[in-house]
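Asks: Here's a structure for you.
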Amino acid sequence: MSQILLLKRGNYKNLFEKIKKIGYSPFLISKLDEIKKGEISIDCAILDASQNIKTFFNFLVKKEVPVIIIIKNNDLNTALQFLKRGAYDFVSEPISEEALLIALERALERKRLIEERKRTDRLIDEYMKNVDKKVEELAKDLKESEQRYKELIENSGDGFFVMDMKGIIVYANESFSKIFGYSKGKIIGKNMLLLIHPEDVSKIKKIFRRDYKIPPLFEIKCIKKDKREIFIQFNMNRIKKGGNCVKIQGIARDVTLLKKKSEELEKLNHELFLRQEKLVALTHELEKKNFELARANNFKDIFLDIMRHDLLNPVGIILGITRIAMEEDSVEKIKEELEIIYRNAEKLRELIESASTLAKIESYSQLTFKTLDIMKILRKVIKQFEPLLKEKNMALVLTGKKTCYIEANPIIEEVFSNLISNAIKYSPEGGKIIVGVEEGKGEEEYENEVIIYVKDEGIGVPDEYKKGIFERFKRIKKEGVKGSGLGLAIVKRLVELHNGRVWVEDNKPRGSIFYVELPKQRRKLKGLSSKINGKYQEI
């Protein structure tokens with residue numbers, strides 16, 4: 001609570017009670033000595049102008065204690081005299097509680113402002129002392145930094161220089177001088193353009209154009225004092241004053257040896273690249289030879305297999321029947337035996353032709369493609385088999401659009417010839433064969449595809465043979481599967497050469513459906529795959 005000082009004179013009791021009533025803490029003194037020691041905190045003083053208060057008044061004003069003067073009958077002259085001497089406010093008797101409260105609040109606010117100002121002044125003084133100390137420390141650090149920077153530049157391995165806007169060198173460290181073969185005293189005052197090779201003078205002249213953006217690093221061909229050519233890597237920037245370029249400073253580094261080594265390395269890299277290309281070519285050639293050798297070995301195995309199984313069987317039959325026929329007397333019997341010999345001879349011919357065809361197409365690495373009508377090809381193939389169809393009293397139906405164009409090689413005819421031949425061969429007399437063509441249904445993945453299928457009512461293909469039936473690289477049990485399998489091996493290889501696929505499914509309730517999927521347009525391939533000894537290889 002704020003302490004209000006009153007003199008123990010006159011009608012002080014009434015005033016004392018009023019001050020307490022409005023919420024402040026009054027205290028009374030009769031002598032100045034009571035407050036001179038400073039043991040009592042005084043927030044405000046109320047003095048009666050009609051009393052002898054000069055000594056008290058002067059002391060309190062000096063101590064910056066707000067003083068309120070009590071005057072009688074609105075004696076403004078007396079009030080004005082005290083205000084000029086330092087009083088803060090006055091109240092006139094009779095004193096109302098409201099007037100007293102207002103005067104005290106204003107006086108105490110002044111007291112608070114005075115103390116706040118004192119605190120602010122102390123903080124400012126303390127801050128300024130710290131600023132002065134910091135400025136001294138920064139000035140000292142700056143001087144030391146400048147000295148270290150100067151020593152760093154002077155002792156740097158890179159050349160440091162400053163030139164004016166005419167190209168005159170106004171500063172250069174020892175390293176810059178050594179780069180060009182001059183002493184430090186001789187190079188200062190020299191024009192930078194005299195150190196540049198004539199071929200690159202135009203590059204340096206651009207630096208002095210104010211609209212030219214200096215690149216971070218650039219290489220210039222220069223000339224040493226002894227006329228030797230050197231290559232210098234520069235890093236330059238402009239020194240501005242008042243918005244104008246007044247000087248150019250920079251760092252110079254001799255990269256002659258580095259450039260020479262770089263050129264040698266580039267030459268070696270080029271030679272290495274050429275050798276690598278040659279090695280890659282030789283590797284490809286070796287891989288090609290290895291593939292051809294593997295294929296040759298594979299075909300050797302194939303033909304040995306054909307000789308051992310497929311050719312020897314009909315030859316054995318022919319030899320056996322011939323011996324029997326030689327001992328026969330009946331012409332009818334001889335005719336029957338000759339018929340058996342003929343069928344086996346025909347089988348030998350078919351085997352030899354199939355083996356020859358397979359060997360021929362296996363040698364292809366790529367085919368020449370052109371636009372063909374697959375429906376026209378199928379009609380041609382079917383026509384070739386009309387006599388055989390008539391002989392077995394079989395019906396063959398071709399379904400699909402009138403035309404269907406794909407990019408293919410004419411040898412694709414062999415695929416459908418083999419499939420239709422097998423369908424006729426393994427179907428019962430009076431049976432029906434359906435050959436159909438379906439184009440892509442619109443799905444993005446299949447819209448470029450054509451599917452040709454051959455549906456028969458033959459003996460079918462057991463599930464365990466559905467994959468192996470197209471391979472001639474491994475033997476399978478022949479129960480329920482007639483023929484050598486060379487025809488379907490030919491089919492598979494030709495379809496692969498067209499980047500297609502072939503497979504077989506059951507035709508419920510009886511027979512098989514052989515599917516051939518071919519792209520309408522030739523796809524861009526990395527290579528063609530051929531399966532050798534059960535593994536795919538790129539060719």
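Asks: Scan region 173-185 and give yes if some residue there is under 17 Å from GLY250 (Cα atoms), assigned to a loop (DSSP other than H, G, I, E, B), touching a Lys or Arg at 6+ places or on another chain (Cβ under 9 Å) and in contact (Cβ under 8 Å) with a residue 12 or more places away in the chain, otherwise no. So that I can check it myself, show each step before the final result.
Replies: Step one: filter region 173-185 for residues under 17 Å from GLY250 (Cα atoms), giving 173-180, 184.
Still in the running and assigned to a loop (DSSP other than H, G, I, E, B): 173.
Narrowing the set further to residues that are touching a Lys or Arg at 6+ places or on another chain (Cβ under 9 Å) leaves 173.
Pick out the ones that are also in contact (Cβ under 8 Å) with a residue 12 or more places away in the chain and you get 173.
Yes, because at least one residue in region 173-185 is under 17 Å from GLY250 (Cα atoms), assigned to a loop (DSSP other than H, G, I, E, B), touching a Lys or Arg at 6+ places or on another chain (Cβ under 9 Å) and in contact (Cβ under 8 Å) with a residue 12 or more places away in the chain.
Asks: Separate question: Quick one: in region 31-73, which of the residues that are small (Gly, Ala, Ser) and closer than 21 Å to ILE95 by Cβ is surrounded by the fewest Cβ atoms within 10 Å (Cβ to Cβ)? First the steps, then the outcome.
Replies: First, pick out the residues of region 31-73 that are small (Gly, Ala, Ser): 38, 41, 45, 49-50.
Now narrow it down to the ones that are closer than 21 Å to ILE95 by Cβ: 45, 49-50.
Numbers: ALA45: 27, ALA49: 17, SER50: 14.
Among residues in region 31-73 that are small (Gly, Ala, Ser) and closer than 21 Å to ILE95 by Cβ, the one surrounded by the fewest Cβ atoms within 10 Å (Cβ to Cβ) is SER50.
Asks: Would you pick out the residues in region 211-247 that are within 19 Å of VAL170 (Cβ to Cβ) and surrounded by fewer than 11 Cβ atoms within 10 Å (Cβ to Cβ)?
Replies: Within region 211-247, LYS240, LYS241, GLY242, ASN244 meet the criteria.
Asks: Can you tell me how many residues within region 5-19 are loosely packed, with under 13 Cβ neighbours inside 10 Å and farther than 25 Å from GLN81 by Cα?
Replies: Of the residues in that region, 3 qualify.
Asks: For region 399-421, which residues satisfy the criterion of being surrounded by 14 or more Cβ atoms within 10 Å (Cβ to Cβ), out of contact with any Asp or Glu (no Cβ under 8 Å at 6 or more places or on another chain) and under 16 Å from TYR453 (Cβ atoms)? It would help to see each step written out before you state the result.
Replies: If we filter region 399-421 for residues that are surrounded by 14 or more Cβ atoms within 10 Å (Cβ to Cβ), which is where we start, we get 400, 404-409, 411-421.
Filter once more, so that each one left must be out of contact with any Asp or Glu (no Cβ under 8 Å at 6 or more places or on another chain): 406-409, 411-421.
Scanning region 399-421 gives ILE406, ILE412, VAL415, PHE416, SER417, ASN418, LEU419, ILE420, SER421.
Asks: Go over the candidates ALA296, ALA281 one by one and state the one that is within 60 Å of the chain's Cα centre (by Cα) and either modelled with pLDDT under 80 or not assigned by TED's automatic domain parsing to the domain that holds GLU353 (or both).
Replies: Working: ALA281 fails: either modelled with pLDDT under 80 or not assigned by TED's automatic domain parsing to the domain that holds GLU353 (or both).
Within the list ALA296, ALA281, the selection yields ALA296.
Asks: Any idea which of GLU151, GLU97 is in contact (Cβ under 8 Å) with a residue 40 or more places away in the chain and of a type in the set (Asp, Glu)?
Replies: On the way: GLU151 fails: in contact (Cβ under 8 Å) with a residue 40 or more places away in the chain.
That would be GLU97, the only listed residue that is in contact (Cβ under 8 Å) with a residue 40 or more places away in the chain and of a type in the set (Asp, Glu).
Asks: Go over the candidates GLU126, GLU115 one by one and state the one that is charged (D, E, K, R), in the same structural domain as GLY10 (by TED's automatic domain parsing) and at negative phi.
Replies: On the way: GLU126 fails: in the same structural domain as GLY10 (by TED's automatic domain parsing).
Unique residue meeting the criteria: GLU115.
Asks: While we're looking at this one, here's another question. Could you tell me which residue of region 48-79 is farthest from the chain's Cα centre (by Cα), considering only residues that are of a type in the set (Lys, Arg) and over 19 Å from GLY10 (Cα atoms)? Talk me through it step by step, then tell me what you get.
Replies: Start the filter on region 48-79 by keeping residues that are of a type in the set (Lys, Arg), which leaves 54, 62-63, 72.
So of that shortlist, the ones also over 19 Å from GLY10 (Cα atoms) come out as 62-63.
Working: LYS62: 79, LYS63: 77 Å.
The residue in question is LYS62.
Asks: Here's something else I'd like to know. Looking at region 374-390, which of its residues are over 15 Å from VAL415 (Cβ atoms) and of a type outside the set (Lys, Arg)?
Replies: Scanning region 374-390 gives GLU386, PRO387, LEU388, LEU389.
Asks: Output the residues belonging to region 497-511 that are farther than 19 Å from GLU414 by Cα, of a type outside the set (Asp, Glu) and at pLDDT 90 or above. Working first, answer last.
Replies: Step one: filter region 497-511 for residues farther than 19 Å from GLU414 by Cα, giving 505-511.
Filter once more, so that each one left must be of a type outside the set (Asp, Glu): 507-511.
Once the filter is applied, which keeps residues that are farther than 19 Å from GLU414 by Cα, of a type outside the set (Asp, Glu) and at pLDDT 90 or above, region 497-511 yields ASN507, GLY511.
Asks: Can you tell me which of VAL131, VAL162, VAL201, VAL170 is free of Cβ contacts under 8 Å to residues at least 40 places away in the same chain, farther than 25 Å from LEU257 by Cβ, outside any loop (DSSP other than H, G, I, E, B) and among the hydrophobic types (A, V, I, L, M, F, W, C)? Talk me through it step by step, then tell me what you get.
Replies: On the way: VAL162 fails: free of Cβ contacts under 8 Å to residues at least 40 places away in the same chain; VAL201 fails: farther than 25 Å from LEU257 by Cβ; VAL170 fails: free of Cβ contacts under 8 Å to residues at least 40 places away in the same chain.
Going through VAL131, VAL162, VAL201, VAL170 in turn, the sole match is VAL131.
The values are calculated or read from the model by the stated rules, or taken from the named source; none is laboratory data. All values derive from a computational prediction rather than experimental measurement. When we count neighbours, we look across all protein chains shown, and the Cβ atoms used for this are built from the backbone with ideal geometry, even at glycine.
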